[in-house]
Structure formats: structure tokens, C-alpha cells
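Colleague: Below is the structure I would like to discuss, written out as C-alpha cells.
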Amino acid sequence: MKILYVSQYFPPEVCAPAVRVHGFAREWASRGHQVKVLTGFPNHPEGILYPEFRSQWRRGFVCEKGQGFNVYRTWLYPAANRGRWKRCANYASFTVSAALTGPWIAPRHGVVIGSSPQLLVAAAAYAIARFRRVPFVFEVRDLWPQSLIGVGATPEGSTLYRGLNLIANYLYSRADAVVVDGEWKRGQLVAAGVSEDNLKIVRNGVDGDFIARLKIHTARGARDRVRREYGWSDRFIAMYVGTLGMAHGLETILQAAEECKTTPQVLFVVIGEGAERERLMARARDLRLNNVRFLPRQPHMSIPALLLAADACLVLLRRAEIFKTAIPSKMFEAMAAAKPLVLGVEGEAKEILLKADAGLAVPPQDAGALAGAINRLWKERQLRQRFGENGKRSVEAIYSHQQQSTTYLKILRETLARRRVLQAQNVLPVFPPAVPAKTSKCSITKP
């Protein structure tokens, strides 16, 4: 099968969309499928181009050889994950750039996937698929524009919200298939009028390389090494790893840390970058929280060792109705590392956690409940061990990219077959596409 995967985010960026797209692309390529990824130049979340990509960014378009697949990077306006207008410019620039370059690398007789976030990526993917006359799969990982309300970025009646809502509804109605990551999201889209037959579920999961690195680091004693390196010694480490963004309500960690001041054995470790990082660090200084440590964004290959050094992992979102459909991928990485979770997310993520018996659920933005859960895990070693083992088993059984990629491939095959049947019935334009695809040769090789 020939697949073009369009995503604004891709490694070396370490956000969830980047890791997920890389995991599926690598898995599909390893099975003999022809995969191409169209993405931007890495700058998320700080809005600063990664140094090794600055000269390439000035060229506007480059190709890299990935692990069995090609990665095409097209120009965008770098912007930090904060501020409305610069972020809009960042999103729009990638959308236009991808829509212009995508048709020349899109496969003949293949399929185009557009991954949201952000929503306009899917609009670019639809334009590419329409131009090439191939099926368009809309991958919905965050519901837009509803998620903007959840983070307080815009009110429901705003011009921005209404405009994005029109785009989203248009894409839902034009997609050959809409892929979501859970039942709650699927139900919300059905209620909004999206065709139930077009909605498919592919779960979030953990990349095979990530699991392999966990095994290697475990064998090499990474837990003790990392704890010595950072001076954590024998303290109980409650760790948050991920984007420090508006959606996560991370002020709750600082409030919980204040409540845990009387328990000096507990140390909160916050790892990542994002719009809220500087504010959170300033707030921690104001509160004189000696039990909180901030570490900068780490390469994804370093995350397994850090997780192994933790005693419990925190997965948090703000209290908002839309986030009940969210299933943070970071929870599965922590479960793969056999770490108990403290989950401050309502909805389907909570259902998954409780079904797996992999940790404690607390109400979002409830610092008292968060502090109580951490103190309980600190005191009860056997409970931590039980949660960790259960979570690891659940990931191995269900939530791996290897298993979910099989489900995804089945959806893509069915979508392509259905499209060809409609073309044979003269309901849709037939192959080949309107213009021949150019053959793109990669000149840049990345490890």
C-alpha cells in the first residue's frame, strides 16, 4: 500500500503527535508498505528552529531518509506554543506550504492521512488528496475547535471558533474515513452528525523502539544511575513528563507540592517545555517549593530511563467537558515502564486506567486529591508494584503501535477498496490522478 501521512509535528520533536506518526510510519514501512511523511521543520514547543535544521529551513523543502520511509519537510513560520496570532501564522504557513508541495509527493493509487492536531493539517491533506484523486483519511486526535474552549483560547461564539467549526464539519463530511482514538470521541462526533459508518477507532499506544529501550535501560540499571545523576537518592519521585501547556492545569502540581511540604521524602519532578513553563517556575519560586524540580525538554530516547527512575507518574488535564474525550498518550508510556499513574483526567482515560487497574484517578485540578494519592502511593509499595505490573500487561496486550498499526492498515485497505468500488461505479473520478506525481529523491540522510 502507498501512504502519505501529513503531520505538522514529527521527531526530533517529542510531542505526542510526532511520536505517534513516527511509530505508525515505521511500523507500516517495516511491513513492506511505501510510506511518506510530510511534515514541518522542528520548532515545537519553544518556536525556535532546532539548530541542525536552520540551513534546511532556509531552503524551504528537504527530504530525509527515515527508518524505511521518506520524510519530507516543508516550510513553516516557527512560533512558540503560546500567543494567538503567531500560532495562527505557524498553523496557516504549514497548511499552505503542505498543500502546495504535497501533490508532488503524494502516491498514485494510494491514500492520504491528515493528522489533527492542528485542524488545518487535515485541510491540507484533503486538498492534496482531492488534487491527486485518492482517498482522504481524517485522523482526529483532538476535537477542534472544541479544544480551544477547553484551554480558554477562544469563546464558543467567536469568529475564530465558528470559522474552524465550519472547516471541521466540511472535512468530516468529505473524508473517506475518520479515525479517532476512543469511544467517547466517536460518540461525540456521531452526536454531531458525522456518519457512524465512516468513524473508525485506532487507539493511542507505545512505540516498539520505546519498549525496547525500556528493556535495555532496565538491564543496565538506569533507575539508580539517573537518580544519582540528578541527586534524587532515595526520595519518592512523582514525575510529570510532557508539554507544559495551557491544557494541562499544571498549577495543580505546585499546589499539591505545597501540601506535601511536611513529607520531605516526596519530590515532584516536572520535565518538558511549553507555554506555561516560565510561569510555573516563577510560581514555584514564589511559593518556595523546595520539593519541586524542573528539567528541560528531553530527547524522546532519554524518556525511558527517566520514567524508570520515577516512583509514580502524573497525567493531568484541566477540568473541561471536552477533555473527557482525551486519552493522553503519555499514560501508556508510563504504564509500559511499569509505573503507577496518578491520573487527573475524567472520561475515557479514567475508564482505561481503572479497567487496567494501573493507578489512582483523582478529579482534575484537585490539588488535595493529587497530594493524597501521591502520599498513598509513597506509603504503599505493594500497591505501586501491583499498579505498575497491571499497566505494563495492559500495554503489551492492547496499547502498542505494533498492534494498533494492524488495525489502522485494515482501515486503510477497506477505505481504498471502497473508493475503488465507487470509482468503478462512476460515482467518483477514476485513477490515475490529473497530473503525474514527481519522483522525489532524498538527498539528506538522518540517523
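The values are calculated or read from the model by the stated rules, or taken from the named source; none is laboratory data. What you see is a predicted model; the values in this text were computed from it and never measured. Cβ: placed from backbone, ideal geometry, glycine included. Neighbour counts: every protein chain shown.
Colleague: Of (1) under 16 Å from residue 9 (Cβ atoms); (2) in contact with a helix residue (DSSP H, G or I) (Cβ under 6 Å, 6 or more places away or on another chain); (3) in contact (Cβ under 8 Å) with a residue 40 or more places away in the chain, residue 131 satisfies all except one. Which?
Modeller: For residue 131, the failing item is (1).
Colleague: Going through region 10-40 one residue at a time, which ones are touching a strand residue (DSSP E or B) at 6+ places or on another chain (Cβ under 7 Å), buried (at least 23 other Cβ atoms within 10 Å of the Cβ) and in a loop (DSSP other than H, G, I, E, B)?
Modeller: Matches in region 10-40: 10 only.
Colleague: Return the residue satisfying two criteria in turn: it lies in region 119-139 and is among the aromatic types (Phe, Trp, Tyr) and part of a strand (DSSP E or B), and of such residues it is farthest from residue 190 (Cα to Cα).
Modeller: 136
Colleague: Going residue by residue through region 263-272, is there one that turns out to be in the same structural domain as residue 330 (by TED's automatic domain parsing), buried (at least 20 other Cβ atoms within 10 Å of the Cβ), within 21 Å of residue 349 (Cβ to Cβ) and touching a Ser or Thr at 6+ places or on another chain (Cβ under 6 Å)?
Modeller: yes
Colleague: Tell me which residues, restricted to region 274-328, are on the phi > 0 side of the Ramachandran plot and surrounded by fewer than 21 Cβ atoms within 10 Å (Cβ to Cβ).
Modeller: 288
Colleague: Sticking with this one: Counting residues that are aliphatic (A, V, I, L, M), which strands (runs of 3 or more DSSP E) fully inside region 302-395 reach at least 3? Lay out the reasoning, then the answer.
Modeller: Values: elements: 312-316, 341-344, 359-361.
The strands (runs of 3 or more DSSP E) meeting that bar are 312-316, 341-344.
Colleague: When residue 128 is evaluated against the numbered criteria (1) of a type in the set (A, V, I, L, M, F, W, C); (2) more than 22 Å from the chain's Cα centre (by Cα); (3) surrounded by fewer than 22 Cβ atoms within 10 Å (Cβ to Cβ), which criterion, by number, is the only one it fails?
Modeller: Status for residue 128: all satisfied but (3).
Colleague: Would you mind finding the one in 341, 354 that is assigned by TED's automatic domain parsing to the domain that holds residue 236 and either free of Cβ contacts under 8 Å to residues at least 40 places away in the same chain or among the hydroxyl-bearing types (Ser, Thr, Tyr) (or both)?
Modeller: One residue alone meets the criteria, 354.
Colleague: Give me the helices (runs of 4 or more DSSP H) completely within region 157-260, filtered to those with at least 1 residues that are loosely packed, with under 14 Cβ neighbours inside 10 Å and of a type in the set (Gly, Ala, Ser), ordered by residue number.
Modeller: Output list reads 159-174, 183-191, 208-219.
Colleague: Is it fair to say residue 132 is of a type in the set (D, E, K, R) and either touching a Gly at 6+ places or on another chain (Cβ under 9 Å) or within 24 Å of residue 329 (Cα to Cα) (or both)?
Modeller: yes
Colleague: Of the numbered conditions (1) over 27 Å from residue 209 (Cα atoms); (2) part of a loop (DSSP other than H, G, I, E, B), residue 142 satisfies every one except a single condition; which is it?
Modeller: For residue 142, the exception is condition (1).
Colleague: What residue, among those in region 68-88 that are of a type in the set (Phe, Trp, Tyr) and touching a Ser or Thr at 6+ places or on another chain (Cβ under 8 Å), is surrounded by the fewest Cβ atoms within 10 Å (Cβ to Cβ)?
Modeller: 77
Colleague: Further, regarding this structure: If you go through region 280-301, how many residues are part of a helix (DSSP H, G or I) and touching a residue at least 60 places away in the same chain (Cβ under 8 Å)?
Modeller: Total meeting the criteria: 2.
Yes/no per residue for (1) within 18 Å of the chain's Cα centre (by Cα); (2) of a type in the set (A, V, I, L, M, F, W, C); (3) closer than 27 Å to residue 222 by Cβ:
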site	(1), (2), (3)
253	no, yes, yes
256	no, yes, yes
262	no, no, no
290	no, no, yes
301	yes, yes, yes
325	yes, no, no
329	yes, no, yes
339	no, no, yes
354	no, yes, no
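Colleague: Restricting to region 148-204, and then to whatever is in contact (Cβ under 8 Å) with a residue 24 or more places away in the chain and of a type in the set (Phe, Trp, Tyr), can you tell me which residue is nearest to residue 134 (Cα to Cα)?
Modeller: 172
Colleague: Additional query: In the same structural domain as residue 379 (by TED's automatic domain parsing), among the β-branched types (Val, Ile, Thr) and under 18 Å from residue 212 (Cβ atoms): which single residue out of 303, 322, 327 fits that description?
Modeller: 303
Colleague: Any residue in region 63-76 that is among the acidic types (Asp, Glu) sitting within a Cβ distance under 6 Å of a residue that is assigned to a loop (DSSP other than H, G, I, E, B)? List the pairs, counting only those 6 or more apart or interchain.
Modeller: Within 6 Å, the pairs are 64/446.
Colleague: A follow-up question, please. Can you find, within region 321-337, the residue that is modelled with the lowest pLDDT among those that are among the hydrophobic types (A, V, I, L, M, F, W, C) and in contact with an Asp or Glu (Cβ under 9 Å, 6 or more places away or on another chain)?
Modeller: 322
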